[in-house]
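Read the structure below first, then the notes.
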Amino acid sequence: MKRNLIIAALVVFAFSSIFLLSSCAKKQVVTEEKEVKAPPKEVAKVEKEKPVVKEVKEAEEVKKAEEAKLEKLKELEMAKQREAEAKMAKEKAWQERRIAKAEAESIYFYFYKTFIMFGYMAVLKAKAELLKDNPNIYIRIEGNCDERGTNEYNLALGERRANSAAKFLVSLGISPDRIETISYGEERPLALGHGGGAWAQNRRDDFTVIAK
């Protein structure tokens, strides 16, 4: 009888031990599973912050792209401005050369004559083109004579020569309001001398371009 009781007690103890061990193992597994399934707070925080960082990065990239685009547009605008300035400078230099040429080229006349010789018509046509291209400029025609004849006669002759050139310009489409005439007679000789060569150079019309 006593022996049976001891065996029964051992059996109960054995089952109790097995039950306790099984409960601890199950609890440990559940705890470990919970630990695996539940991410640490730090990891969750990083995962939460990732979209924000991505948005900030994208915004910075967009901003840099816009800045680069604006810089390129600025460079293109500056290049266009430099090109326009260079073109204007070139145009101005070309017009200055045309004006200088118009003032440098005189036309000449036969002795006591006032009609425009055929060889000088092209010279007057070039002056007319200059006036057409530049509405802001006017021209003064200055009639001159050689020393022969009285002062009064030469002043009148110089005036007729200047008027002859003015009429030719008007026939080419230049308004009379843009043309001035004056006669210097024999007062402004181009060549000093008393022979045919000097006289031929002094029978002329000179031209002065006037900006208004």
Task: Single residue of Ala128, Ala166 found to be closer than 27 Å to Pro189 by Cα and in contact with a helix residue (DSSP H, G or I) (Cβ under 6 Å, 6 or more places away or on another chain) - done: Ala128
Open item on the list: Take the residues in segment 107-121 that are more than 16 Å from Gly173 (Cβ to Cβ) and assigned to a helix (DSSP H, G or I); name whichever of them is nearest to the chain's Cα centre (by Cα).
Closed with: Tyr120
Task: Failed item in (1) assigned to a helix (DSSP H, G or I); (2) in contact with a Ser or Thr (Cβ under 9 Å, 6 or more places away or on another chain), with Ala89 passing the rest - done: (2)
Open item on the list: What are the pairs with Cβ atoms under 7 angstrom where one residue, in segment 127-156, is in a loop (DSSP other than H, G, I, E, B) and the other, located anywhere, is charged (D, E, K, R)? Sequence gap at least six, or different chains.
Closed with: Asn136/Lys212; Cys145/Glu186; Cys145/Arg203; Asp146/Glu186; Asp146/Arg203; Glu147/Glu186
- [ ] Check whether at least one residue in segment 69-81 is in a helix (DSSP H, G or I) and at pLDDT 95 or above, and report yes or no.
- [x] no
TODO: Return only the number of the condition from (1) farther than 13 Å from Ile141 by Cα; (2) assigned to a helix (DSSP H, G or I) that Lys167 does not satisfy.
DONE: (1)
Open item on the list: I'm trying to understand the selection: among the residues of segment 188-209, which are outside any helix (DSSP H, G or I), in contact with a strand residue (DSSP E or B) (Cβ under 8 Å, 6 or more places away or on another chain) and over 19 Å from Tyr138 (Cβ atoms)?
Closed with: Arg188, Pro189, Leu190, Arg203, Arg204
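The values are calculated or read from the model by the stated rules, or taken from the named source; none is laboratory data. Everything quoted here is computed from the prediction, not taken from an experiment. Cβ atoms come from the backbone with ideal geometry, glycine included; neighbour counts cover every protein chain shown.
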